[in-house]
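Notes follow once the structure below has been shown.
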Amino acid sequence: CDPSHFTAKTSLMTHPGDKRFRLWYVGGSCLDRRTTLPMLPWLMAEIRRRSQKPEAGGCGAPAAREVLLVLSAPFLRCVPAPGVGASGGVGPAAAQLNPAVFIFEHKAQHISRFIHNSHDLTYFAYLIKAQPDDPESQMACHVFRATDPNQARRRLEARGRVRRTGEE
């Protein structure tokens, strides 16, 4: 299961009520069916380690990258942060937000759980089903790092509003 498998190919429409959070996308992973809630902090730590320490030969997980997490009822979209190009460069071409490019998109109502790292409040994750209509579908975990520990709390509050709006 590829955690970015959920990507939809629609453009990013911005609305006045959208909430945007500039974060670092650390990475994602699919969960084995045997994964239990007490294992989730370990899974977050493993995703974090993979992004910080590529394996020999350059075949490791990609490094964390700066993104915008956009909460726009009923969707949650992860898009490359403006000001950072696809290759990580900064310049005029990278300064614009490309509305047709995003890393992944989910319906906010399909997020099943949020996880905080109690030792480092800047790290958080959420779980989502790969195929929400299939009860046997695998879950994926997406891990982010905020620059401000309070940003994660604000994100959770905003996510709750988007989720309620998406369920109406």
Subject >> Sole exception among (1) in contact with an Asp or Glu (Cβ under 8 Å, 6 or more places away or on another chain); (2) at pLDDT 85 or above for residue 79, by number >> reply: (1)
**OP:** Can you work out which of the residues in region 1-57 that are in contact with a Gly (Cβ under 6 Å, 6 or more places away or on another chain) and modelled with pLDDT under 80 is surrounded by the most Cβ atoms within 10 Å (Cβ to Cβ)?
**Re:** 3
Subject >> Identity of the residue in region 133-168, in a helix (DSSP H, G or I) and among the acidic types (Asp, Glu), that ends up modelled with the highest pLDDT >> reply: 157
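The values are calculated or read from the model by the stated rules, or taken from the named source; none is laboratory data. Model, not experiment: these values are computed from the prediction. Backbone-built Cβ (ideal geometry, glycine too); neighbour counts: all protein chains shown.
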